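First the structure, in the form of structure tokens, and then the observations on it.
Values in this text are rule-based calculations from the coordinates and carry no lab data. What you see is a predicted model, and the numbers here were worked out from it, not measured in a lab. Virtual Cβ from ideal backbone geometry, glycine too; neighbours counted across all protein chains shown.
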Amino acid sequence: MPLVHPALLGLTTALPDVPGPAGLALPACAPGDAAAACGDSVTGDSATGDSATGPVGLAQLLAGGSLAADVLRDEGESLDLATLTELAGRLAATERLWRPIVRHDAAKRWYTRLLLTGVVEVWLIGWSPGQHTAVHDHGGALGALAVADGAVEEDVHAPHGGSWEPRATRRHAQGRVVGFGADHVHRVINRTAVVATTVHAYSPPEVPLRYANADGSVAVPAAAAAQLTTGLLAPTAQRRVAATAAR
């Protein structure tokens, strides 16, 4: 059964008369990723069926095509990059869903999970200036990042001799949606002087991430590693983890 944030059920206080930002370009797959076609362009209102004053929630967000059937599954194969980027892009474009709940804490990067199903998880993250992740992969999961507000930068890394080395930095501004493949390694950072808000989607869900240690080695944190031996991962996620570990 899907776990859904109250904001996606219309149970939070919506902003009146505030349309989502238009002109989302879907997407730019990360260079070197095994990404096929990743989708078409989407604008805030046309993609979601939302209007500035009408009701908006998960049903409206996923309306049209097969998106609802693809996303709201308890099991099955992972979503492809086209579906992930469409989902993240629609959420980012629907400001009335995320604006009432997002927070920006100067002391700590803020985040909350918006959706968890058997095939995908979606997160909303608030970035104050200077906040960043550690260098990490996504354990073999596919992913999408959509910038709902502000701008972030992505420091892309690549394997080298058992560690990860920086290769490029890309800036993603409001309206940008990028998809990345199972081998993607990066750090995300807000290098601007204002806050930023992003939406992230991963499939399969709840796959343990690997992080770069201070000595350059790469490992899954101990708490997350416990999932690998307790049978808590879904079969699709287990296969992704096994494939990643074998590389």
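For this structure, a couple of remarks:
- Calculated FRET value between residue 101 and residue 77, using beta carbons and R₀ = 41 Å, to 0.05: 0.85
- Overall, the anisotropy analysis places the stretch 112-231 in the oblate class: the square-rooted eigenvalues a ≥ b ≥ c of its C-alpha gyration tensor yield a/c not less than 1.5, with a/b not exceeding b/c.
- √(5λ) per eigenvalue of the Cα gyration tensor, the stretch 47-195, largest first, Å: 26, 21, 12
- For the pair residue 108 and residue 59, the difference between a 0.36 nm per residue extended length and the Cα-Cα distance amounts to 14.4 nm.
- Relative protection proxy for 94-107, 175-188, from highest mean packing down: 175-188, 94-107 (other beta-carbon atoms within 10 angstrom).
- FRET efficiency for residue 206 and residue 11, using Cβ-Cβ distance with R0 set to 22 Å, rounded to 0.05: 0.35
- Here the extension length gained between residue 163 and residue 214 equals 17.3 nm, from 0.36 nm per residue of separation less the Cα-Cα distance.
- Amide H contacts under 5 Å for residue 169, placed H, 5+ residues apart: 156
- Summary of packing: across the peptides 134-145, 154-165, 119-130, the per-residue average of other C-beta atoms within 10 Å ranks them, highest first, as 134-145, 119-130, 154-165.
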